[in-house]
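The values are calculated or read from the model by the stated rules, or taken from the named source; none is laboratory data. No experiment lies behind these values; they were computed from the predicted model shown. We place every Cβ from the backbone using ideal geometry, glycine too, and count neighbours over all the protein chains shown. Surface accessibility is based on the protein's heavy atoms, side chains included, excluding ligands, DNA and RNA. Shrake-Rupley method; radii C 1.70, N 1.55, O 1.52, S 1.80 Å.
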Amino acid sequence: MTSIDVLVTNVRVVRHAWTEPRQVDIAVRDGRIVRVAAGIDPAPARTVVDGGGKLAFAGVVDAHQHWGIYNPLDEDAASESRAAAQGGVTSAITYMRTGQYYLNRGGAYADFFPDVLAATADRAYVDYAFHLAPMSKQHITEIPELVEKHGVTSFKVFMFYGSHGLHGRSADQSRFLMIPEDERYDYAHFEFVMRGVQAARERFPDLAGEISLSLHCETAEIMNAYTRMVEQDGSLSGLAAYHASRPPHSEGLAVSIASYLAHETGLPTINLLHLSSRKAVDAAVRMSQAFPHIDFRREVTIGHLLADIDTANGLGAKVNPPIRPREDVEALWEYVLDGKIDWVVSDHACCRDEVKFGEPRDDVFVAKSGFGGAEYLLPGLISEGARRGLPYHRIAELTAWNPARRFGLRTKGDIAEGFDADFCLVDPDHTWTVRAADSESAQEYTPFEGFELNAKVTDTFLRGERVLEAGEVVGAPRGRYLARGVSASRP
């Protein structure tokens, strides 16, 4: 064959379409995979990489990250993408909105989003895209332009923001959201967002399957009432108190409301984010049965699959929705093994110690919400999944193929001819202990401190070039913004 830039040999390739790993080589030219086969002649290859018998997974498409929420966006793009590479992530889709946090600005996305792109340009070590949240009426009108001009095809609603703050109860949501004083961020707005997203699907019929709306499903009124109850009772503290203040039926109710609104508006492409409890997933499954014409996708995070309120390392594990008791962790695994979960993400949101913890330091209700975890996504899922009988090809589906297809990353998510040469090498027999000090993230702690994992990402390749080698981030940042939709290429 013609020249090869990189040939990776002695690996067991894992694909969503193969029930077992196969001993094949991976040939790369111009950043794309040109051949996957056994015994490829190494003579035309400029560089030959011996994979040491490791597993080769498609680069993780981590469809839920937050860059720039607590730190300057340009800093997060650099440090947190390095952490992503440690976890085998090669494509990070990060959520962005106007309002407090992020760029701390309101206004039109026409003015806001170019600054987002400028802040991240030439900073990231992995490829990246953005989901955007229409916070105001004006944003809804901008959806078609965001699709056509900027390649943004996925949008988000935070269902609890109208009456509940990012970290707890709030009486000043208008200032927090930075929306016009005569507007409300409520169920009516969510309905109109859905109608706006559906209108975009109709305007761009060739992209209809790639234009979707994601929802953070929790119910503000339930959380407000239960937070008061928990605080007044005073018998619970820490993560147990936070779980009780945002109870699982709050998730289930929000899922049900969101699903009916999708039915009402005719929007079929709905993503239900970070479902954290049996009640939440049960509601999601019930809604798919009630509304079979809606193409629901169900997401869980690696944090909710690995940690519970007793095993997580302290209040650093505060997140929305909360880390739950062990019975909910077991329930989530039941749904993963039953095929009812579509993808697993990190919900990575770097929050440094001095930002995360308030005064008093041990009060969960004054701590900030969110933590990093992309570096543990693939190794954590392989480690715990292997113990529970989750096959490798299903892990490839959950971490790469499914999210790439849903979110229009047409050249990502598989080790196959024509796809970007994004893949990682994993040692499935490497036992190691999670230490925050070993992470490239700017976050100084992790809720997974001391957890023992049995799989290690050793090398990560982005478009055929190593960004992680023998466990160390290498080279300069070469991640690209992934414009999706109208101008996106196909393998």
Checklist entry - In nm, to one decimal, how far is the ASP295 label point from the GLU330 one, both placed 7 Å along Cα→Cβ? => result 3.6
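Dipole magnitude of the chain about its Cα centre, charges +1 at Lys/Arg Cβ and -1 at Asp/Glu Cβ only, in debye to the nearest 20?
940
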Item to check | Rounded accessible area per residue of the range 1-115, 1.4 Å, Å² | outcome: 33
Checklist entry - Which of the listed residues, TYR376, THR19, LEU273, is farthest toward the dipole's positive end in the chain, when Lys, Arg count +1 and Asp, Glu count -1 at the beta-carbon? => result THR19
Checklist outcome for this item: Place a point 7 Å from the Cα of GLU465 in the direction of its beta carbon; the residues of the range 71-89 whose amide N falls under 20 Å from it are 77-89
Checklist entry - Cα-based count: Lys pairs in the chain below 18 Å, eight or more positions apart or different chains? => result 6
Item to check | Förster radius 45 Å - calculated FRET efficiency between ASP363 and ALA17, Cβ distance, rounded to 0.05 | outcome: 0.35
Checklist outcome for this item: The summed charge of the SER212 Cβ neighbourhood (under 12 Å; Lys/Arg +1, Asp/Glu -1) stands at +2
Next on the checklist: Normalised by the empirical 2.2 N^0.38 Å for globular proteins, what value does the Cα Rg of the range 56-201 take?
Outcome noted: 1.07
Next on the checklist: Out of the total accessible area of the range 246-340 (probe 1.4 Å, heavy atoms of protein only), what percent is carbon and sulfur?
Outcome noted: 49
Checklist entry - Round to a whole number: what % of the accessible area of the range 377-485 belongs to carbon and sulfur, probe 1.4 Å? => result 44
Checklist entry - Computed over the Cα atoms of the chain, what is the convex hull's projected area averaged over all directions, in nm²? => result 20.9
Checklist entry - If Lys and Arg each add +1 and Asp and Glu each add -1, what is the summed charge of the other residues whose beta carbon sits under 14 Å from the beta carbon of ALA199? => result -1
Item to check | 13 Å beta-carbon shell around GLU264, net charge (K/R +1, D/E -1) | outcome: 0
Checklist entry - In the full protein assembly as shown, how much of MET178 is accessible to a 1.4 Å probe, in Å² to the nearest 10? => result 70
Next on the checklist: Assuming 0.36 nm per residue, please report the length gained on full extension of the stretch ARG35 to GLU444 beyond their Cα-Cα distance.
Outcome noted: 143.1 nm
Checklist entry - Using a ≥ b ≥ c from the Cα gyration tensor of the range 95-168 (square roots of the eigenvalues), is it rounded, prolate or oblate, where a/c under 1.5 gives rounded and otherwise the larger of a/b and b/c decides, a/b for prolate? => result oblate
Checklist outcome for this item: Mean accessible area per residue over the range 438-481 (1.4 angstrom probe, all protein chains present, square angstrom) is 41
Checklist entry - Where does helix 220-233 land angle-wise versus the long Cα axis of the chain, in degrees 0 to 90, nearest 10? => result 70
Item to check | Debye, to nearest 20: dipole size of the range 15-58, +1 on Lys, Arg Cβ, -1 on Asp, Glu Cβ | outcome: 140
Checklist outcome for this item: Out of VAL457, LEU261, GLY475 - ranked by how far each Cα lies towards the positive end of the dipole of the chain, with unit charges on the beta-carbon of charged residues - the top one is LEU261
Next on the checklist: Using a 7 Å offset from Cα along Cα-Cβ at ALA437, what residues in the range 329-358 end up with backbone N under 12 Å from the label point?
Outcome noted: none
Checklist entry - With every protein chain present, what is the per residue accessible area of the range 333-399 (1.4 Å probe, Å²)? => result 33
